[in-house]
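Q: Before anything else, here's the structure in question.
The values are calculated or read from the model by the stated rules, or taken from the named source; none is laboratory data. Because the structure is predicted, anything quoted here is derived from the model rather than measured. Neighbour counts run over all protein chains shown; Cβ positions are idealised from the backbone, glycine included.
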Amino acid sequence: MSKYMYSTANLSDKELKDQGNRFFSLRKYEDAVSCYTKAIIKNPNIPTYFTNRALCYLKLKRWEASCQDCRRALDMDPNLVKGHFFLGQALLEMDNYDEAIKYLQRANDLAREQKLNFGDDIASQLRAARKKRWNVQEEKRIAQEIELQSYLNRLLREDAERQVEKLRYENSANEDQIQDKITEVEQQSVLSYFYSQENITSELNSIFAKVDDRRRKRDVPDYLCGKISFEILCEPVITPSGITYERKDIEEHLQRVGHFDPVTRVKLTQDQLIPNFAMKEVVDAFLQDNEWALDY
């Protein structure tokens with residue numbers, strides 16, 4: 001270690017950064033971190049030194065350290081795409097989905113504004129963050145429905161028990177007469193709507209079972225969503241590379257960023273976009289059976 005320290009002692013901050021880059025390309029992330037740290041000590045005013053080290057921390061799965069470096073970089077340059085991108089990735093790994101989506105979306109927007117080509121790297125992370133957040137929300141929804149079902153069943157059971165106890169308390173007749181009155185109450189109760197207590201519970205459970213089958217695993221497949229906006233496709237078009245996009249999103253990309261396919265990076269012009277009618281039919285069929293997806 002002392003030999004390594006000696007070899008870098010007289011290097012400038014830029015030379016240390018370059019040395020760190022070489023270590024990074026060799027996947028020697030700890031050594032790269034050491035070089036970037038020394039570069040930062042010599043010149044703490046270069047935001048890219050912090051994002052370089054943040055990326056190393058991502059590779060080392062040191063999420064908190066990565067977040068800290070990204071935030072320091074963004075304090076110096078709020079429009080640094082990699083600062084937002086790496087911070088979003090680290091937050092995603094920490095299951096902080098709302099914050100991750102915020103920073104990944106900002107990275108995606110800045111990349112388009114600055115005409116920087118990250119291919120599908122940022123977009124894929126943003127899709128992953130949105131999907132994970134959706135899955136968490138779905139698990140919460142299912143748990144709430146189960147809790148509601150249990151609560152309603154308990155209310156029905158307690159209502160029946162209260163009526164029976166009331167009859168037993170108010171009547172001193174024999175057990176057969178009380179049972180006759182209990183049966184009469186079950187038949188006439190407003191709550192039962194001409195059903196017995198057992199039938200109400202059965203009907204309620206049947207309703208929840210149908211809802212559960214229809215909505216338990218609500219998920220929008222990735223192939224039904226645009227690769228730029230991440231929303232469900234409305235007017236899908238396909239490129240010569242075979243990638244499907246939402247028309248307005250890919251046209252905006254071509255006008256604002258450049259004439260290339262954002263995923264494959266192959267040259268692309270607007271006249272090469274072809275309506276993807278097959279995908280449109282698939283999307284329409286999915287929405288017909290899953291109206292909830294309109295809020296996805």
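Q: Answer yes if at least one residue in the range 171-192 is at pLDDT below 75, of a type outside the set (Val, Ile, Thr), in a helix (DSSP H, G or I) and surrounded by 16 or more Cβ atoms within 10 Å (Cβ to Cβ), and no otherwise.
A: yes
Q: Select the helices (runs of 4 or more DSSP H) contained entirely in the range 194-296, then report the ones holding at least 1 residues which are at pLDDT below 90 and farther than 30 Å from residue 116 by Cα. Don't jump to the end; show me each part of the working.
A: Numbers: elements: 197-215, 247-256, 277-289.
Here the list reads 197-215, 277-289.
Q: Out of (1) assigned to a helix (DSSP H, G or I); (2) of a type outside the set (Val, Ile, Thr); (3) at pLDDT below 95, what's the single condition that is false for residue 57?
A: Every condition holds for residue 57 apart from (3).
Q: Let me ask something else about it. So residue 23 ticks every box in (1) modelled with pLDDT of 95 or more; (2) closer than 22 Å to residue 131 by Cβ; (3) not hydroxyl-bearing (Ser, Thr, Tyr) but one. Which box is left unticked?
A: Going through (1) modelled with pLDDT of 95 or more; (2) closer than 22 Å to residue 131 by Cβ; (3) not hydroxyl-bearing (Ser, Thr, Tyr) one by one, residue 23 breaks only (2).
Q: Which residue pairs have Cβ atoms closer than 7 Å, lie 6 or more positions apart in sequence or on different chains, and pair a first residue in the range 28-47 that is in a helix (DSSP H, G or I) with a second residue that is of a type in the set (Phe, Trp, Tyr) and at pLDDT 95 or above?
A: As it stands, the answer is 31/23; 32/23; 32/24; 35/23; 36/49; 39/49; 40/49; 40/50, since those pairs meet every condition given.
Q: Further question on the same structure: Can you tell me which residue is surrounded by the most Cβ atoms within 10 Å (Cβ to Cβ) among those in the range 111-167 that are of a type in the set (Val, Ile, Thr) and either modelled with pLDDT of 85 or more or closer than 18 Å to residue 82 by Cβ (or both)?
A: Within the range 111-167, the subset of a type in the set (Val, Ile, Thr) is 122, 136, 142, 146, 164.
With the extra rule that they be either modelled with pLDDT of 85 or more or closer than 18 Å to residue 82 by Cβ (or both), the set shrinks to 122, 136.
On the way: 122: 26, 136: 12.
Step by step, filter the range 111-167, then rank; the result is 122.
Q: Okay, next question. Kindly indicate the residue of the range 93-134 that is of a type in the set (S, T, N, Q) and free of Cβ contacts under 8 Å to residues at least 12 places away in the same chain and also nearest to residue 64 (Cα to Cα) among those meeting that condition. Give the derivation first.
A: So the first thing to find is which residues in the range 93-134 are of a type in the set (S, T, N, Q), and the list is 96, 105, 108, 114, 117, 124-125.
So of that shortlist, the ones also free of Cβ contacts under 8 Å to residues at least 12 places away in the same chain come out as 96, 124.
Values: 96: 12, 124: 22 Å.
Of everything passing the filter in the range 93-134, 96 is nearest to residue 64 (Cα to Cα).
Q: Counting just the residues of the range 237-296 that are farther than 20 Å from residue 221 by Cβ and among the charged types (D, E, K, R), which one comes out surrounded by the fewest Cβ atoms within 10 Å (Cβ to Cβ)?
A: Result: 271.
Q: To continue, here is another question. Select, from 111, 90, 65, the only residue that is part of a helix (DSSP H, G or I) and in contact with a Leu (Cβ under 7 Å, 6 or more places away or on another chain).
A: Just one listed residue meets the conditions, 90.
Q: Being surrounded by 17 or more Cβ atoms within 10 Å (Cβ to Cβ), modelled with pLDDT of 95 or more, assigned by TED's automatic domain parsing to the domain that holds residue 29 and more than 26 Å from residue 25 (Cα to Cα) is true for just one of 62, 72, 106. Which residue is that?
A: Values: 62 fails: more than 26 Å from residue 25 (Cα to Cα); 72 fails: more than 26 Å from residue 25 (Cα to Cα).
Sole residue among the options that is surrounded by 17 or more Cβ atoms within 10 Å (Cβ to Cβ), modelled with pLDDT of 95 or more, assigned by TED's automatic domain parsing to the domain that holds residue 29 and more than 26 Å from residue 25 (Cα to Cα): 106.
Q: Only one of (1) in contact with a Ser or Thr (Cβ under 8 Å, 6 or more places away or on another chain); (2) surrounded by 19 or more Cβ atoms within 10 Å (Cβ to Cβ); (3) over 25 Å from residue 256 (Cβ atoms) fails for residue 42. Which number is that?
A: Condition not satisfied by residue 42: (2).
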